[in-house]
Structure formats: C-alpha cells, structure tokens
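Chemist: Below are the structure tokens for one structure; questions will follow.
The values are calculated or read from the model by the stated rules, or taken from the named source; none is laboratory data. All values reported here derive from a predicted model rather than from experimental measurement. Here the Cβ positions follow ideal geometry from the backbone for every residue, glycine too, while neighbour counts run over all protein chains shown. All accessible areas refer to the heavy atoms of the entire protein, side chains included, with ligands and DNA or RNA removed. Shrake-Rupley method; radii C 1.70, N 1.55, O 1.52, S 1.80 Å.
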Amino acid sequence: MLDTATALKRTPFHAKHVAAGAKLVPFAGHQMPIQYEGILTEHRTVRAGVGVFDVSHMGEIRLRGPGAIAYSNRLVTNEVGPSLPDGKVVYSPMCLETGGIIDDLLVYASGAERLLVVNASNAAKDLAWIRDHAPADVEVIDESEETAQLAVQGPRAEDVVAAVYGDRARALAFYEGFEEGRGEDWTLVSRTGYTGEDGFEIYVRAGRAEALWDRVFAAGNQYGIRPIGLGARDTLRLEMGYCLYGNDIDETTNPLEAGLAWTVRAEKNDFIGREAIAKVRKDGVPRRLLGLILEGNRIARPGFEVTNLERRVGTVTSGTMGISIGRPVAMAYLDAADAKPGSHLDVVARGQRIPALVAGRPMYTQGSVRSPKPRRPQ
Amino acid sequence: MNVPKDLRYTKEHEWIRTHGGEVEVGITEYAQGELGDVIFVDLPAPGTKVEQMKAFGSIDAVKTVSDLFAPVSGEITAVNESLKDNPALVNQSPYEQGWMVKIRVAKDADAEGLLSADAYEKLLGATA
C-alpha cells in the first residue's frame, strides 16, 4: 500500500485538497480527491450553483509543425482539419484501424497547432500511438506534467469565470475557448465540461495553479462555490449519459454502437479506422449503448446482466444513483432489437431482478449546459 | 475516530451492542466514512437465521456496494425500518439511529470473541 502511495503523482492542487479535507484515492496514477463533503452534496452544488474540479491528472498532448493540423484530422473521427476556426474545441474518439476506440478526447484549435486533452488512464498509451503514427513534419509534445487544469461547473460558473477573466469569458460559445499569455503565464479558458451544466475548463502552468485556485474561490465565494471530487463527477456525467472510457467505451467498442455516430465524419477522406467504421455503418450495429432508469434504490454495477422476460439482452457498463433524477441510473450495451427507449427490461442485481426503463441519453435533461452532446474525457 | 468503549467490533467494521440475549448491529464510523453516502441498505426479514461472519445483507453507497457480515450467529428479531426512507442515518449516526438489525444470539461465545474497542482502534491504526 505504502509503496503504491509514494509512486502516485500529486497534482499541483494537492495542498488545496488536503486543506479542504478531501478524501484522496489513487486514480490513474494520481492521488485524486474522490470527495470532500460527500457525493450527494457535491452533486447538488454543481447542479444548483457552482463547483470546482481538479482535473490536472488529464493528459495534454500538443501537435506542432507544418503537418500538425492534417495529422490531428487523421488521428480522430470528428472534423478537426484546416476548416476548424481558431479557438474551437471538438470532442472526438480516436480509433484503431479496427474502429475500436483508443481514447475519447478534446481537440483544441490553437493557432497553427492542435492541443489534445486525453484521459489520464490512457495518456501513456495515447502518446505512444500518436508518436508512432506521426509524420516527420509533426512534433509531438507531452505537456501533461507542466499543465494544471480546473473545471468550474454549474449555472453560476459564468459569473465566477467572468469575475476572473472578464467579459471575454461570458462571450464564449459552448465548445469555444481563448488563450492568453505565454510561457509560465499561458492560460487557456474554454466553455466545456462533463457535468451537464454550463461550465468552463481553465488550463494554466503548474506554477500558477494555486494562485488560480485562490482567484476562482474568491470570485465564487458569494455563490457558495465548493470543491467537488471525482465521485460527484461520475454521478453528474452518468446522469447525462456521457461515456467514461474503460467503462462504457474501450478498444472493443466502436463509436457507432456507443452512440457517438455524431462524432464520425464519414465524408473525411482519410482517418484511422475509417474503413472499419464504414463497414459497421453499412452492416448495422448489433448492440447499442443506452441509458437505464431503475426502480427502487439498488444500484446497477458494471457487469450486471440486463434481461427481458426470456433472455439476456445486455450488460451494464456504468451505474450509480441519479441524484438529480431521484432514481438509480445506468448505461448498458443492449441488443439492438431491445434497445428501444421507453421499453422495460430487468437488471439482475445480486440475484434480484430490478425493473428498469430504457432511456435515451441524456437521462437528465434539466441541466444548464448549452448543448447536451459535446462532452469530454475523464 | 469515534470508537465507543461499550461496543464490540468485527474486523469487517461492524459493531454490536449487547442487551441481554440480543445484540444490536451496525457499521462503524470508519466504515461509513469509507463507503461514503449510503443510499440503500438491503436487510433480511425478521425471523431469518444468520451465521457468524457470513454475509447477511449489503449496503449500497454511491460509489460501491459492500456486504454486511453477521457478527454473531442467531436469528434476526428486528430491522431498522427508518433506513428504508433515510439510509443516510448510517452516515449521520452510525452507532445510534443508523443501527441495522437486532439478532437473538445463539451462542454467547460468539460475542465474547469479537474485538474490544481498544483492539478495534489498533486495527484501524494498522489500516490507516
């Protein structure tokens, strides 16, 4: 235990977590706050006011050089080519030739460069894949260690971020960002998030992290701003039906069955996985990732069977309490014939059948987010 | 960490409070903190026979599910009905309002073999 603990990385906000009384757990090689006051309270804080997540564990990979933009567009399924305006942000899977998802990530159009923000659990694998496939005119730079990131999320997030960065922040559309400063003073602010609420993500260099935390909390004091742990991050994202890599998507799932067809631009003339995904589109998907809303209070856990009256029709990939819905929620891959929102199935939880309603994603539709679709990696 | 002196404990973080031939059972403050927000407690009906250190119920917290182990063998005589509507009592008051079941003890020796408060505190020290 101790050996593992010492090998874990601390984020630049570590001292802030300790001071705030966080419960810290190992997550993707980092010591991360799972909760501060409790998941229920933290979840409600983000839905009703504003909360702050340390997401510095995520990976940042910069592509630089004459071929950077073309290469980024070959790596991912969504459109991030030269037509993408500076400052825009795009959510996309990055696929294997088989169409299986290597990771899901955000691509930032940063002048002549592209900044890819990837899942912490996949950062090393992604970096190796991106380096292996890079043409000679693209430099691949790992900025993960030197980058700190805070997500400020909730209906009051705009007021908080505008108090720090001015009206420029208010003017941002959803999935748009701006950069300012250079070197140690570099800052990237984007209107993005993983909660279903309006929100922003702020990237700074590690040396500026604690000052950023202090400014954000000072600005948010009047709105009751609180730090939020990974526990509530999961309940918030799951109510929205946002995929979590490793649970809902992985190298054995393709974007079409995962409900991410909107991120696949088949008209792009070349990207890795294009042929395999085109074949899946032509043949039809045998299973689909959908939401479930369960009766009672028992939580569906990954691996639980989903059945109709006759047979098994699917498997749960994620489940939790839908705190704002008031019912347990889950996501499951269901046989296409049974994957009909509005129909009724059972989840088998520790030997007991729990009735469940099949639901489209998002399951929670009352959030302040400006568009429910684009989402980001964990 | 609150570890009341008048209770006895299991290594799985249950406590018992003895009332004559019956014990009240719950989980410790440490256990509720590790679980986080409890949202469902699955308990057997009164009359169910339980066996020492066998699972007899489960606790669903937001992040995880955990088995409940019977500290003693015997028969369930009562379950805490208020946990149905308010499972958070397990977090708020683990040693009082958050009790889970009462068991009529089959063998007195079962309870005597459990950890004292001091021994349980030592176990927590080794865990933390």
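Chemist: Out of all the residues in region B:27-56, which are under 30 Å from A:Lys23 (Cα atoms), assigned to a loop (DSSP other than H, G, I, E, B) and away from chain A (no Cβ under 14 Å)?
Modeler: Of everything in region B:27-56, those that are under 30 Å from A:Lys23 (Cα atoms), assigned to a loop (DSSP other than H, G, I, E, B) and away from chain A (no Cβ under 14 Å) turn out to be B:Thr28, B:Met53, B:Lys54.
Chemist: A:Ala171: without any contact (Cβ under 8 Å) to a residue 24 or more places away in the chain, out of contact with any strand residue (DSSP E or B) (no Cβ under 7 Å at 6 or more places or on another chain), farther than 30 Å from A:Arg47 by Cα and open to solvent by 10 Å² or more (accessible area, probe 1.4 Å), yes or no?
Modeler: no
Chemist: Looking at this structure, is A:Gly229 open to solvent by less than 10 Å² (accessible area, probe 1.4 Å) and closer than 22 Å to A:Ala339 by Cβ?
Modeler: No; evaluated as a whole, the condition is false for this residue.
Chemist: Another question about this same structure. Tell me, yes or no, whether region A:8-20 has at least one residue that is surrounded by 19 or more Cβ atoms within 10 Å (Cβ to Cβ), of a type outside the set (Gly, Ala, Ser), in contact with a Lys or Arg (Cβ under 8 Å, 6 or more places away or on another chain) and away from chain B (no Cβ under 13 Å).
Modeler: no
Chemist: Oh, and also: Filter region A:298-319 down to the residues that are more than 13 Å from A:His344 (Cα to Cα) and touching a Gly at 6+ places or on another chain (Cβ under 9 Å) and list them by number.
Modeler: A:Ile299, A:Ala300, A:Arg301, A:Pro302, A:Phe304, A:Glu305, A:Thr315, A:Val316, A:Thr317
Chemist: Can you list residue pairs whose Cβ atoms sit under 9 Å apart, with the first residue in region A:29-45 being within 11 Å of chain B (Cβ to nearest Cβ) and the second being acidic (Asp, Glu) and open to solvent by 10 Å² or more (accessible area, probe 1.4 Å)? Count only pairs 6 or more apart in sequence or on different chains.
Modeler: A:Gln35/B:Asp37; A:Gly38/B:Asp37; A:Ile39/A:Asp234; A:Ile39/B:Asp37; A:Leu40/B:Asp37; A:Thr41/B:Asp37
Chemist: Please work out which one of (1) in contact (Cβ under 8 Å) with a residue 40 or more places away in the chain; (2) open to solvent by less than 50 Å² (accessible area, probe 1.4 Å) is the condition B:Asn80 fails and give its number.
Modeler: Of the numbered conditions (1) in contact (Cβ under 8 Å) with a residue 40 or more places away in the chain; (2) open to solvent by less than 50 Å² (accessible area, probe 1.4 Å), the odd one out for B:Asn80 is (1).
Chemist: Can you pull out every residue in region A:107-120 that is surrounded by fewer than 24 Cβ atoms within 10 Å (Cβ to Cβ) and in contact with a Pro (Cβ under 9 Å, 6 or more places away or on another chain)?
Modeler: Hits for region A:107-120 are A:Ala109, A:Ala112, A:Asn119, A:Ala120.
Chemist: If you scan region A:299-320, which residues turn out to be open to solvent by 20 Å² or more (accessible area, probe 1.4 Å) and either in contact with a Ser or Thr (Cβ under 8 Å, 6 or more places away or on another chain) or within 13 Å of another protein chain (Cβ to nearest Cβ) (or both)?
Modeler: Within region A:299-320, A:Arg301, A:Pro302, A:Gly303, A:Phe304, A:Glu305 qualify.
Chemist: Restricting to region A:256-272, and then to whatever is out of contact with any Leu (no Cβ under 7 Å at 6 or more places or on another chain) and farther than 25 Å from A:Arg361 by Cβ, can you tell me which residue is most open to solvent (accessible area, probe 1.4 Å)?
Modeler: By that ranking, first place goes to A:Asn269.
Chemist: I would also like to ask the following. Can you name the residue in region B:63-77 that is in a loop (DSSP other than H, G, I, E, B) and at pLDDT below 95 and is also least open to solvent (accessible area, probe 1.4 Å) among such residues?
Modeler: Going through the qualifying residues, I end up with B:Thr64.
Chemist: Evaluate the following for B:Val41: is it free of Cβ contacts under 8 Å to residues at least 24 places away in the same chain and of a type outside the set (S, T, N, Q)?
Modeler: Answer is no for this residue.
Chemist: Exactly one of these conditions fails for B:Asp60: (1) within 14 Å of chain A (Cβ to nearest Cβ); (2) touching a strand residue (DSSP E or B) at 6+ places or on another chain (Cβ under 8 Å); (3) of a type outside the set (Lys, Arg); (4) open to solvent by 30 Å² or more (accessible area, probe 1.4 Å). Give me its number.
Modeler: Looking at each condition in turn, B:Asp60 falls short on (4).
Chemist: Does A:Gly100 satisfy the condition of being among the small types (Gly, Ala, Ser) and either in the same structural domain as A:Ile323 (by TED's automatic domain parsing) or open to solvent by 10 Å² or more (accessible area, probe 1.4 Å) (or both)?
Modeler: Criteria not met by A:Gly100.
Chemist: Scanning region A:342-361 for residues that are within 28 Å of A:Tyr194 (Cα to Cα) and at pLDDT below 95, which turns out nearest to the other protein chains (Cβ to nearest Cβ)?
Modeler: Looking at residues that are within 28 Å of A:Tyr194 (Cα to Cα) and at pLDDT below 95, I get A:Ala349.
Chemist: Read through the list (1) away from chain A (no Cβ under 14 Å); (2) part of a loop (DSSP other than H, G, I, E, B), then give the number of the only condition that B:Pro87 fails.
Modeler: It is condition (1) that B:Pro87 fails.
Chemist: Kindly evaluate B:Val50 against the criterion of being buried (at least 20 other Cβ atoms within 10 Å of the Cβ) and at pLDDT 95 or above.
Modeler: Spelling it out, B:Val50 is indeed buried (at least 20 other Cβ atoms within 10 Å of the Cβ) and at pLDDT 95 or above.
Chemist: Same structure, new question: Could we say that B:Gln52 is among the polar types (S, T, N, Q) and more than 25 Å from A:Gly351 (Cβ to Cβ) here?
Modeler: no
Chemist: Assess whether A:Phe178 counts as being open to solvent by 10 Å² or more (accessible area, probe 1.4 Å), in the same structural domain as A:Ser368 (by TED's automatic domain parsing), touching a residue at least 24 places away in the same chain (Cβ under 8 Å) and under 17 Å from the mean Cα position of the chain (by Cα).
Modeler: no
Chemist: Taking the condition under 25 Å from the mean Cα position of the chain (by Cα) and either at pLDDT below 95 or over 26 Å from A:Ala123 (Cα atoms) (or both), does A:Gly314 pass?
Modeler: yes
Chemist: Another one. Going by the conditions given, is B:Tyr120 of a type in the set (Phe, Trp, Tyr) and part of a helix (DSSP H, G or I)?
Modeler: Yes.
Chemist: Right, something else. Determine if region A:278-287 includes at least one residue that is in a helix (DSSP H, G or I), crowded, with 21+ Cβ neighbours inside 10 Å and not assigned by TED's automatic domain parsing to the domain that holds A:Leu96.
Modeler: no
Chemist: Report yes if A:Gly296 is assigned to a loop (DSSP other than H, G, I, E, B), under 17 Å from A:Met363 (Cβ atoms) and within 14 Å of chain B (Cβ to nearest Cβ), otherwise no.
Modeler: Judged against the criteria, A:Gly296 is a match.
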